[in-house]
Amino acid sequence: MRSYLSLISISAKVRKKQSRMTVLCIVIAVFLVTIVFSMTDMLMRAELSHQVDKNGSWHLMFEDISDLTASDIASRLDVAAAGWSSAFNVNAEQDYEIGDVKAALYGTDAAYIEQLMEGLKEGKFPSTDHEVLLSTNARDYLDLKIGDTVVLHTPAGASEYTVSGFGGDDEAYYEGQFYLVGVYMTREAFQSVMEENGVNQISSSFYVQFQSASKADRARTEIKEQYQLSAGQIGENTAVMGMSGASSNESMMGIYGIAVVLFVLVLMAGVLMISGSMNSNISQRMNFFGMLRCIGASKKQIMRIVRLEALNWCKIGIPVGVILGTAINDVLCIVLKYGVGGEFAGMPVFAISKVGIISGIVVGLITVLLAAQSPARKASKVSPAAAVSGDLESNIKAGHAAGKIYTRIETSLGIHHAVSNKKNWFLMTGSFALSIVVFLCFSVGMDLAHALLPSLRAWQPDCTINGYANADNIDPSMKEKINGIPGVEQVFGDAYASDVPAVSSETSVDRVNIVSYDDYMIKMAWKSVVKGDISEIGADNGKVMTICNKNNPLHAGDTIEINGTEVEVACELSDGLFSDDCIIVCSEDTFEKLVGEQDYFLLGVKLSKDADQATIRQISALVGENQIFTDNRKSNQETNATYMMTRIVGYSFLMILAMITVFYIMNSISMSVSARIRQYGYMRAIGMDRNQLKKMISAEAFTYAVSGLIVGCAVGLPISRAMYVTLITRHFGNVWQMPVQLLAVIVVFVMDSAAAAVWKPAKRISEMAITETINEL
């Protein structure tokens, strides 16, 4: 033996079984870190791809700037591409048509369509002012092909254009639409059409893609100061900037903060688990470290041995954890891509996540080194004299005798064993508490996901019918006609009035938007009430509702005068058909009293399970010339699948964490028993029976569980409430309530974990002979 460090490999072979548990803890910790960061990386790649397809790859947008300023910005060294875009009649409000459908006009350039939006699907961008690029639905609905001639009808007259290609900047918007097509032309041609029709107030936007999101973030401030632009003139592609960590959006900043919290929680879980296992491992080897001190090893050498021992375990634990994490990540990517689809259709398959692997290795090493600090100091403090005498616990001081509390002796000893070792008590309590905190935080995440997905509402329609530009042109009689079609479960109709003058003494409101709810929607609104009383809504009694959002100044109890009629806000809803900044929701009778009788602007249709395409055809046959029919079933199904997968992934993570907690507690209790094996032998020798030993070990485990419950709830509930208020209450109005059901589940989980942790060591100790326990080394 050349040095004390040579004992590391020898000790590993001799105590292979005991070391196996610590290695397994390292594997689990590294696996958890690898899978979390790998899945996060893959989800961000898929989401970035989805957002680029949906919103384009540009980073910043500059509104109403001069061509000279745009040219200067485009010439910057950090700019990769730049292009212009102007839009008109996107909501089909004006009589601009191609064939028998409305036309939305765009004045843009090739860089915007081809590079920034990646929207060219077929053909090429117009090279002359007499060519146009049409949205892909025009190819299908109008039966057009490249080279065909189309006629654009405008109030000023008709113009002929040649179709140069198909595509656009918002494929999802036009997909499946048969009432509106996008017409993309050169900026010069667009300007000519606008001038012919006397349209002068058209805003132009200059979109810029930088070499990276970080460079875009730095350029934002420089360009704003250099050209003296206002904050309102600069916009960002929040999705692309956010996925790269460079967004200035308040919501994205909140998400970054949550990601940091989750990272810390994962790191803490690993440190607690490995540290607890190593502490128990070291506790069983105090004689070994004491003997090393006797033959001349210094405290620093002992600490170095423990740290290198921990790194030696990493040689096996980290590679296995990384490989397992990468393999499970591939399986999850395949399930999301081919089993769920939708937004997950872009999930990479069998892609190597450098972030996940590096995070697993680095965080694994850091976790192990942090976890080794306490055991290393503990081992270095072993007295050589105590090692020779065998009295390694002579330095433990008791404030009182373990039996002086008012319980049975075995219970008193179990509690005493739990609290006497402060560090171990802290680690065990922390493990339970951390699991509880993560449970409570994830429940808020699930609530947020539900709030962000409107298709999860009970009233979400499968099909909708509305007028062009939300015009009120749907006769109420159509509601009854559709309701009689086989396969239709429910039809609801709503009228709408925007920018209605209003006066309120409580707020600065001067205009409101008003929507009417029929009996069905009022019934559905009961589930969304977050404040006030909805019971009086439904009659013409001057009671109305409002929908919560952070920009809505209206609250329950406010009174508003509309067209000479005073109404009172009876309650607030967390969601509804519209979430305008200032929205009033009322019954049909109250709506008619406030703004007069109007046609419906929207019909929502919910289909039964046995509805088929014949049902859809019958509904669409009733749709008038100036009405829009939209089938939402596919998007609703995709959203539901996304939410379900979010729940599966989230709760799978919780299950993994719960399994780690249970495993850690079982391992720690088992090692705690092993460390005290000789004490238990003495107790058996003086008359303690097997049942008393089991009760003593149970008392120790449940002491950890109860202290973990107290600390976990004391820390987790305030964090949960703060997250709920920040992410949900501020935006949707839902008030945080004590999660009684979740707390009940947590209590059952913690107690079951403690009971499971007791079973194996109690069985092992009760099956050992008295002489065997006394002679155990």
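Things to note:
- Report note on the peptides 409-418, 122-131: ranked by the mean count of other C-beta atoms within 10 Å, highest first, their order is 409-418, 122-131.
- Within straight-line cross-link reach of LYS634, lysines at Cα separation under 21 Å, skipping those fewer than 8 residues along the same chain: LYS54, LYS337, LYS606, LYS609
- Here the peptides 63-69, 489-495 are ranked by packing, the mean other Cβ count within 10 Å, and the order with the highest first is 489-495, 63-69.
- Amide hydrogen neighbours beyond the local backbone of SER85, cut-off 5 Å, H modeled: SER205, TYR207
- Amide proton proximity set for LEU602, modelled H, under 5 Å, gap of 5+: ASP494
- Taking a ≥ b ≥ c as the square roots of the eigenvalues of the Cα gyration tensor, the range 463-633 is classed as prolate, since a/c reaches at least 1.5 and a/b is larger than b/c.
- Amide H contacts of PHE210 (H built 1.01 Å from N, under 5 Å, at least 5 apart or other chain): HIS59, LEU60, ALA80
- Partner lysines for LYS315 [C-alpha distance under 16 Å; skip if fewer than 8 residues away on the same chain]: LYS13, LYS16
FYI, it's all coordinate maths here, none of it is from the lab. The structure presented is a predicted model; accordingly, all values stated were derived computationally and were not measured. Using ideal geometry, Cβ is built from the backbone for each residue, glycine included, and neighbour counts are taken over all protein chains shown.
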